[in-house]
Amino acid sequence: MSILAVRNLKTYFKTPEGSVKAVDDISFDLKEKEILALVGESGCGKTVTVLTILGLVRGAQVYGSIKYKDYELTKFSETEYTRIRGRKISMIFQEPLSAFDPLYTIGQQMVEVVCAHLDCDKESAKNICIEMLKEVQIPFPEKRFDEYPHEMSGGMLQRVMIAMALVTKPDIIIADEPTTALDVTIQAQVLNLFKQLQEIYKTSIIFITHDFGVVAEVADRVHVMYAGKIVEKATVSALFANPLHPYTKSLLKSRIKKEFKNRTLPYIPGNVPLATDFPSGCRFHPRCDRALKICSQKEPPEICLNHSAVSCWLYVRGDEK
Amino acid sequence: MILSLRQVKKYFPVRSGIFLQTTGWIRALEEIDLDIEEDKTIGVVGESGCGKTTLGKVVARILRPTSGKVEFLGEDVTGRVSKDVERKFRRNIQMVFQDPFNSLDPRMTIGEILSEPLEAHRVFSSKKEQDNYVKELLVKVGLYPEYLSRYPHEFSGGQRQRIAIARAIALTPKIVVCDEPTSALDVSVQNQIINLLQQIKTEYKISYLFISHNLDVVYHMSDKLFVMYLGNVVESGESREVFENPLHPYTRALMNSTPSWDPNQKRLQTVKLLGEPPNPINPPKGCPFSTRCTIRIERCDKEKPQLVGDEKHKVACILSEV
């Protein structure tokens, strides 16, 4: 059962340089109780996708449909959104230090969330928050409750942010690169905690990252994005066992392995295209080593295979090209 | 030997109160010994706050050590030095920084950025020769000569890092300190830059001090490896040896914490490392890693282990002595 269905979503920004098609016609489903990873490099539109879902893109033109349960989010007014945002769909941001207000204690910030969404007074809200802090394994939660963000380390703050996202028991959590700013040993701790809590709370999670290693560790399904498009959708095991799109293939190949020492590393030539200036046809074709003639002319259709769906001309049969 | 550090310490004062009295010290580096040989890459790996950037800055003489000795081609360059030595030092040791968005002056064109070191050291007598050399440099790092009149904001992260590398090698230095040169870049561009650094190394016979938090990248680049934790080198040696046979519990934890890239062999659940690195103002008395170590014994809390072993592999852990 899908809890969130995105269909033909387009998010365009008007700039003096022309229209920026940050997200261009993507469709996907988030199933109940799954972790869906959105993977891609900077500027591929993964953050804009989730900001659009949360209605946080001011001044952008949004087309298509975003369906959460029976609600059509694209038709929502600002007041309707505030009832869902934070309560039913909450978000975890990348930079823990800049996501908190430095002038309030983390306790005050958590209580604010609880009082806004759950029907309770400040005293019981405090108890709920401290319980939650315990659950994300913060030592001395009563003491930490009255501390300011600058008094805590990045790993600690990210735990608080997870606590804050979970405290309203939402249906969906959107995590935007939650461990990118953390050290690997801390990342391991936070990811493990994340998995544990997901099993307890049965939340559906959209997990944004650029690190395929993290994807393999946490996700159930993966969508690979490139230049505003989803180029490949697959289950985690299918993606790592049998990647289909040339972009996914080269990304997986470019992992630095032990055997590569003293040799040239495999790489993808060129740079990620700018959003104002996407190539025609398949947007990956200038960097693709298997590009055909048609790739530069027409956008590839999405081809569904067993456990995957891929947008690439290589998988279209000859007579349909 | 081009450069050697002996027992180098770097402490930063912590000041507080109205008169900004020194109330404590951040112990960023503790008695580090490091030798940089010709045409050899030394890799330094560790998490944030372990002192790896401070080490890079001490090597590049951006920071002076609190105590210890730094020797460059047989000359003592720890403290103040004569202008000639300073000049020779600056010419031979260059740096590539982590963030290419902050390390290039936004108001200078690429041509000006690359000419500046050449003019400062009066390498060329005629402007024309210099211009030709700058163009060659750009081609060498995989860019086009037409880019000379452009400004940094017109380039992507990977291209900017190429420019930063061109600036670092302009004076054909003996050592280039690379402080996380790829961590601000996209996955698909990261390998391009690593390949470029390798290619330049073969051509110019440069020694790198390669600093990164990514063990895989450091292993790929380096001949020798230093693992740092809380200002201390906890393990060092030939990189193949250290990588294949890690002895220090921290090195092992670091290797296990790197995600596996294989959904059938998830690795993170096996990580048992608890807590976070302690504050360097008030480090543990004994082994710096003792607060998080899973196999520590009582002695670890009291005694600080020394780095022992042969040139091939050294480790600072009491348990390995037993």
inquiry  = Could you work out [θ]222 nm for chain B from helices alone, using -39500 (n - 2.57) per DSSP H run of at least four and dividing by all its residues? Round to the nearest 500 deg cm²/dmol.
reply    = -9500 deg cm²/dmol
Average beta-carbon neighbours from other chains, 10 Å sphere, peptide A:262-274 = 5
Stretch gain in nm, segment B:Glu146-B:Val85, where the contour uses 0.36 nm per residue and the Cα spacing is subtracted = 18.3 nm
note = Going fewest to most other Cβ atoms within 10 Å around each Cβ, A:Lys257, A:Lys233 line up as A:Lys257, A:Lys233
key: Rounded tilt (10° steps) of A:122-135 against the dominant C-alpha axis of chain A   = 50
request  = Whole Å is fine, so just give me how far the alpha carbon centre of region A:216-242 lies from that of region B:265-301.
outcome  = 35
note = One would report the Cα pair-distance distribution of region A:95-192, bin width 10 Å, in %, as 16, 51, 30, 3
query = Top mean-square fluctuation among B:Ile175, B:Ile194, B:Ile163, Gaussian network model of chain B, C-alpha springs under 10 Å?
reply = B:Ile194
request  = With all distinct Cα pairs included, what does the Kirkwood hydrodynamic radius of region A:37-104 come out to in Å, to one decimal, could you say?
outcome  = 13.8
ask   = Among B:His313, A:His223, A:His245, which comes first, second and so on when ranked by fewest other beta-carbon atoms within 10 Å?
value = B:His313, A:His223, A:His245
Relative contact order [Cα under 8 Å, 6+ residues apart], chain B, whole percent = 20
query = When all C-alpha to C-alpha distances in region B:234-322 are sorted into bins of 5 Å, what percent of pairs does each bin hold, rounded to whole numbers?
reply = 3, 14, 20, 22, 19, 14, 6, 2, 0
query = Got a sec? Which residues in region B:200-244 would a label at B:Glu31 touch, if it sits 7 Å along Cα→Cβ and we count backbone N under 17 Å?
reply = B:228-236
task = First select every other residue whose beta carbon is under 10 angstrom from the beta carbon of B:Thr294; then total the charges, Lys and Arg +1, Asp and Glu -1.
result = +4
inquiry  = If amide hydrogens are placed 1.01 Å from N in the peptide plane, which non-local residues have theirs closer than 5 Å to the one on B:Asp35?
reply    = B:Leu5
task = Calculate the length of the line joining the C-alpha centroid of region B:1-68 to that of region A:106-160, in whole Å.
result = 37
message = What does the structure give for A:32-45 when I average, per residue, the other chain Cβ atoms found within 10 Å of the residue Cβ?
response = 1
message = Above 16 Å lies some portion of the pair distances; for region A:124-246, what is it as a whole percent of all C-alpha pairs?
response = 65
Euclidean distance between Cα centres, region A:250-321 to region B:211-239, Å = 34
Label point distance in nm, A:Lys169-B:Leu73, each placed 7 Å from Cα along Cα→Cβ = 7.2
message = Using only alpha-carbon positions, what ratio does the radius of gyration of chain B give when scaled by 2.2 N^0.38 Å?
response = 1.07
query = Taking the Cα atoms only, what angle lies between the long axis of helix A:154-166 and the longest principal axis of chain A, rounded to 10 degrees?
reply = 80
ask   = Using the Cα atoms as the points, what is the convex hull volume per residue of region A:282-321 in Å³?
value = 75
ask   = R0 = 22 Å: FRET efficiency of B:Thr202 with B:Glu116, Cβ-based, nearest 0.05?
value = 0.25
task = Under 19 Å from a label point 7 Å along Cα→Cβ of B:Ser48: give me every residue in region A:135-174 with its amide N that close.
result = A:148-163
remark   = A student applying the Cα gyration tensor rule (rounded when a/c is under 1.5; otherwise prolate if a/b is larger than b/c, oblate if not) would label region B:50-151 oblate
note = Unit-weight point scatterers at every alpha-carbon of the protein assembly as shown, Debye formula, q = 0.08, 0.10, 0.11, 0.12 1/Å: log10 I(q)/I(0) is -0.67, -1.05, -1.24, -1.41
remark   = Neighbour-count ranking for A:Leu182, B:Leu73, B:Leu137 (other C-beta within 10 angstrom, fewest to most) reads B:Leu73, B:Leu137, A:Leu182
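Every number in this text was worked out from the coordinates using simple rules, so none of it is lab data. Note that this is a predicted model, so its numbers are computed, not measured. Positions of Cβ are generated from backbone atoms using ideal geometry, with glycine treated the same way; all protein chains shown enter the neighbour counts.
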